[in-house]
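Data block below; observations after.
The values are calculated or read from the model by the stated rules, or taken from the named source; none is laboratory data. The structure presented is a predicted model; accordingly, all values stated were derived computationally and were not measured. Cβ placement follows ideal geometry from the backbone for every residue including glycine, while neighbour counts extend to all protein chains displayed. To get the accessible areas, we keep the full protein, side chains included, count just its heavy atoms, and leave off ligands, DNA and RNA. Shrake-Rupley method; radii C 1.70, N 1.55, O 1.52, S 1.80 Å.
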Amino acid sequence: TQAQEVCDGAGTADTVAAVVAMALAGGLKPVDGAFIANLAAGIVLRKSGTYAISREDVLKELAG
């Protein structure tokens, strides 16, 4: 994890659950699903209100 400024926590838990489920359904190891879900949650936390995360959002975050 990385410390970051939080804008809004709405939908963060839903994002984590959805990303982990998708990762496991796609055949990823649980640890990899948790890593990607953590990145996705970080993206959602920086947005105001609810935010529908995209694949591109996660890939951009991974690229740094």
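On a full-extension model of 0.36 nm per residue, what is the gain between Leu28 and Arg46, subtracting their alpha-carbon distance, rounded to one decimal in nm?
That pair, Leu28 and Arg46, stretches by 3.9 nm at full extension.
Quick check: convex hull over the Cα atoms of the chain, volume per residue in Å³, rounded to an integer?
Per residue, the Cα convex hull of the chain comes to 79 Å³.
Using the Cα centre of the chain as the reference point, and only Cβ charges (+1 on K/R, -1 on D/E), how large is the resulting charge dipole? Debye, rounded to the nearest 20.
So the magnitude is around 100 debye.
Sort 22-34, 41-53 for me by packing, meaning the mean count of neighbouring Cβ atoms within 10 Å per residue, highest on top.
41-53, 22-34
Quantify, in whole percent, the carbon and sulfur part of the accessible surface of the chain (1.4 Å probe; protein heavy atoms only).
After summing per-atom areas, the C and S share lands at 59 percent.
How much length is gained if the chain between Ala21 and Glu56 is pulled fully straight, taking 0.36 nm per residue apart and subtracting their Cα-Cα distance, in nm to one decimal?
So the chain would gain 10.8 nm between Ala21 and Glu56.
Express the accessible area of the chain per residue in Å², computed with a 1.4 Å probe while the remaining protein chains stay in the model.
Here the per-residue accessible area is 69 Å².
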